[in-house]
Amino acid sequence: MYKQAMIKPCADNPKIEQTLGKICQTIVDNGGYIDPNISVSYQNDVFSVCKTGEITVPHAIKVPHSLLIPYQAFDLDIEDGRIVIASYKDHVTALQLQIFKDVLALYNETPLLKNHYGSNPWLHYQRHPQIIALLLRGRTGDALAVIRKMLTDPDYKDELALFTFFKNRLAFARTDARSSDVTEVIMPVIEFLTHHPQGGQYQNVYEGASNVGFMCIDAQAPVENSVTCHASYGAIDALEGYLNYGFISEYASFVRSCPLQIEIDGLGTLAINANNIIEPIDGRPEHLKNLGYYLPRIHYFDDLKLVRLSHLIVPGVNAPHSLKRVLREAVLAFDETLNDAEIAAYVKDIEQQLIEKNLDFYSELTSLIDFSSASSILARDLERVISHQQKIIGFYQQRIM
């Protein structure tokens with residue numbers, strides 16, 4: 001048996017314990033690593049990874065690329081409440097097929113998929129179309145484009161359930177050191193790490209003369225008085241965590257603005273998307289390099305007198321003045337000859353409209369929940385999201401503007 005990782009006993013379901021052990025054994029047998037001071041467990045319908053002692057190596061978990069499951073290479077179905085493999089592409093290896101079967105056996109032994117049908121917001125569309133329509137207005141991006149398409153056809157309900165179920169179990173990986181191709185993969189064991197902004201980062205590591213590849217992650221336990229390890233899914237706020245991954249990130253320190261347009265007297269139109277797109281560091285002027293994910297991509301369309309931003313973030317205490325700095329750049333994109341007093345006046349006007357429009361969005365969402373028959377799970381989750389977002393926006397409105 002493997003000598004890494006401890007599988008916590010699962011007395012009420014020894015089959016889960018056995019399958020977890022088999023997956024960990026497969027990882028180690030194929031050159032991977034799970035630190036002895038890591039425990040893997042399933043309790044209260046949740047898989048988790050915890051630290052049981054000091055970890056001195058750079059990566060607590062290393063899964064060989066040969067065991068990463070190429071998600072798009074499989075055609076999946078739901079039969080009698082279980083996820084099954086309908087077919088798969090020729091390039092899928094016997095090793096990938098076997099570990100995916102073990103991973104699916106793990107899912108199917110639990111009520112995870114059944115619970116997903118009850119808790120995922122998109123699967124409530126037919127019963128609460130007004131709420132879901134408003135949520136769709138709240139963000140933009142490729143994932144929501146796929147969801148919008150699926151929502152138009154009730155026959156896609158199982159496909160939608162699978163798409164959203166696997167969304168937070170996938171990562172994009174470059175599995176060949178000599179290739180620029182990026183593949184969407186399921187990461188055995190690593191997928192059990194849930195999101196936290198200060199969680200570990202997924203890392204592709206290549207070792208040896210033959211450049212053998214591994215998906216690695218450090219054991220970061222950022223929650224005070226907790227040994228549970230987390231991964232960072234990137235710069236997401238509470239609403240994005242809920243819509244894209246089915247959880248509410250109450251550790252998020254900012255709010256991404258809803259898509260909207262702001263008319264600026266004397267300048268033109270500021271169009272704001274809600275895409276999670278960050279301006280590359282190399283392309284930034286020196287005075288903006290430290291803005292991190294707060295800096296959007298800014299495009300000016302002279303013939304339309306329009307500036308389009310990929311996104312705009314209302315910050316909390318971590319970077320309270322980042323929004324003012326970004327808005328200054330947006331105003332200068334309209335007219336770089338403006339003086340400081342003129343810029344400050346325009347920034348103040350944009351801030352006011354931005355805050356009001358975002359608060360209106362969450363107020364409208366609250367009203368729809370109050371006057372609907374939304375299930376207790378959906379209503380409870382949305383109320384938590386709304387409360388978190390309003391708190392951050394309120395902080396900015398009262399302390400920074």
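The residues listed here are 63, 49, 40, 57; of these, the one that is free of Cβ contacts under 8 Å to residues at least 60 places away in the same chain and either surrounded by 13 or more Cβ atoms within 10 Å (Cβ to Cβ) or more than 17 Å from residue 103 (Cβ to Cβ) (or both) is 57. The residue that is farthest from residue 54 (Cα to Cα), counting only those in the range 195-226 that are among the β-branched types (Val, Ile, Thr) and either in contact with an Asp or Glu (Cβ under 8 Å, 6 or more places away or on another chain) or open to solvent by less than 60 Å² (accessible area, probe 1.4 Å) (or both), is 205. Return yes when residue 174 is open to solvent by 60 Å² or more (accessible area, probe 1.4 Å), out of contact with any strand residue (DSSP E or B) (no Cβ under 8 Å at 6 or more places or on another chain) and not hydrophobic (A, V, I, L, M, F, W, C) and no when it is not. Considered against the rule, which asks whether it is open to solvent by 60 Å² or more (accessible area, probe 1.4 Å), out of contact with any strand residue (DSSP E or B) (no Cβ under 8 Å at 6 or more places or on another chain) and not hydrophobic (A, V, I, L, M, F, W, C), residue 174 comes out as no.
Within the range 233-273, being open to solvent by less than 10 Å² (accessible area, probe 1.4 Å) and polar (S, T, N, Q) holds for 249, 257. Among residues that are open to solvent by 50 Å² or more (accessible area, probe 1.4 Å) and under 23 Å from the mean Cα position of the chain (by Cα), residue 377 is included. In the range 125-150, the residues that are more than 18 Å from residue 361 (Cβ to Cβ) form Cβ pairs under 8 Å with partners that are surrounded by fewer than 13 Cβ atoms within 10 Å (Cβ to Cβ) and not hydrophobic (A, V, I, L, M, F, W, C), at six or more places apart or across chains, as follows: 126/154; 127/373. Of the residues contained in the range 85-101, one or more are found to be among the hydroxyl-bearing types (Ser, Thr, Tyr), under 23 Å from residue 33 (Cβ atoms) and at pLDDT 95 or above.
Exactly one residue out of 350, 400, 392 is open to solvent by less than 80 Å² (accessible area, probe 1.4 Å) and either in contact with a helix residue (DSSP H, G or I) (Cβ under 7 Å, 6 or more places away or on another chain) or modelled with pLDDT under 95 (or both), and it is 350. Scanning the range 75-100 for residues that are surrounded by 13 or more Cβ atoms within 10 Å (Cβ to Cβ), within 27 Å of the chain's Cα centre (by Cα) and not β-branched (Val, Ile, Thr), we see that the one that is nearest to residue 190 (Cα to Cα) is 100. None of 71, 33 is at pLDDT 90 or above, surrounded by 19 or more Cβ atoms within 10 Å (Cβ to Cβ) and not polar (S, T, N, Q) except 33. Of the residues making up the range 153-195, those that are free of Cβ contacts under 8 Å to residues at least 60 places away in the same chain and among the hydroxyl-bearing types (Ser, Thr, Tyr) are 156, 179, 180.
Restricting the range 318-345 to residues that are without any contact (Cβ under 8 Å) to a residue 60 or more places away in the chain, out of contact with any strand residue (DSSP E or B) (no Cβ under 7 Å at 6 or more places or on another chain) and hydrophobic (A, V, I, L, M, F, W, C), which is most open to solvent (accessible area, probe 1.4 Å)? Going through the qualifying residues, I end up with 341.
The values are calculated or read from the model by the stated rules, or taken from the named source; none is laboratory data. Bear in mind that the values here come from a model prediction, so they are computed numbers and not experimental data. Methodologically, a virtual Cβ is constructed for each residue, glycine included, from the backbone with ideal geometry; neighbour enumeration extends over all protein chains shown. Surface accessibility is based on the protein's heavy atoms, side chains included, excluding ligands, DNA and RNA. Shrake-Rupley method; radii C 1.70, N 1.55, O 1.52, S 1.80 Å.
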